[in-house]
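What follows draws every value from the coordinates through simple rules; no lab data is involved. The model shown is predicted, which means the values in this text are computed figures rather than measured ones. Note that we place each Cβ from the backbone using ideal geometry, even for glycine, and neighbour counts take in every protein chain shown.
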Amino acid sequence: MKKEVRKAVIAGNWKMNKTPSQAKALIEEMKPLVANADCDVVLCVPFIDIPAAVQAAEGSNIKIGAENVHFKASGAYTGEVSADMLKEAGVEYVVIGHSERRTYFGETDQTVNLRSLAALNAGLKAIICVGETLEQRELGYTETLLKFQTKMALTNVTKEQLKNVIIAYEPVWAIGTGVTATADQADEGNGFVRAAIAEAYGADVAETVTVQYGGSMNAGNADELLAKVNVDGGLIGGASLKAEDFSKIVAAASK
Ligand code: 13P
């Protein structure tokens, strides 16, 4: 982390877990544990949990995020949710382009870009996910791919809007597998993302952008990962479903 120039952000991504009542209970449990955080604390929850989560988090330092957003403002898009709907519900952040959406739901670099623009134009903060598969890593494409995904996602995003962008480097092979990238691999991947931002917006701007690491980050490895200069926080899956584990990661980012 380099807290003097960019924000440290720990965000949970609950994925398809927790009902509204379970969401309320978990946030109530987390609130006192993260109250003294010296980093931003975000929980990205299923759409249906948003009202309960916003209500439970009220008056605390926990911000609520969504896990996706549609790129159109309104219309005949059955099953989709717009940025304005999220905004009005009290959402501040939204995860875009998670590898699970890319793998299972046909998300492309182009739709990631459109969703990012919709979120940013509505005043939401976008947590944009990028990451290589194991096969791509083994073929030596990690740098090329991370730079390509980052630049594609940010097409037509202005320098001003970039202030509301977080990029999460999530190597696909490290998600939900218990296999974490080493701290050096995380730092290198995040560095490739930052280099891509530098190529598009200049090095000074790139220095200010929060780049998270995600993929089996937990209470045991958070210290080592967050000690790296390019790792400005984490996007946490499994460990964000347990108040104690999540709060330990928040504590690691608060040092
Ligand atoms: P895990 O922390 O469960 O590996 O998930 C990471 C992730 O996908 C966060 O978006």
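Quick notes
- Qualifying residues in the range 10-25 (those that are crowded, with 24+ Cβ neighbours inside 10 Å and touching a residue at least 60 places away in the same chain (Cβ under 8 Å)) - the one farthest from Ser240 (Cα to Cα): Ile10
Rundown of residues vs (1) within 16 Å of Gly97 (Cβ to Cβ); (2) among the basic types (Lys, Arg); (3) crowded, with 22+ Cβ neighbours inside 10 Å, yes/no style:
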{"position": "Lys159", "(1), (2), (3)": "no, yes, no"}
{"position": "Ile166", "(1), (2), (3)": "yes, no, yes"}
{"position": "Tyr169", "(1), (2), (3)": "yes, no, yes"}
{"position": "Gly178", "(1), (2), (3)": "no, no, no"}
{"position": "Ala181", "(1), (2), (3)": "no, no, yes"}
{"position": "Gln185", "(1), (2), (3)": "no, no, no"}
{"position": "Ala198", "(1), (2), (3)": "no, no, no"}
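- Residue tally, condition within 15 Å of the ligand (Cβ to nearest atom), of a type in the set (S, T, N, Q) and more than 17 Å from the chain's Cα centre (by Cα), over the range 132-181: 2
- Gly189 falls short of the stated requirement of being within 16 Å of the ligand (Cβ to nearest atom) and in a loop (DSSP other than H, G, I, E, B).
- Wholly within the range 1-113, strands (runs of 3 or more DSSP E) carrying at least 1 residues that are more than 16 Å from the ligand (Cβ to nearest atom), within 20 Å of Thr210 (Cβ to Cβ) and of a type in the set (Val, Ile, Thr): 62-66
- Residue within the range 226-237 that is within 11 Å of the ligand (Cβ to nearest atom), under 23 Å from Ala35 (Cα atoms), of a type in the set (Val, Ile, Thr) and outside any loop (DSSP other than H, G, I, E, B) present: yes
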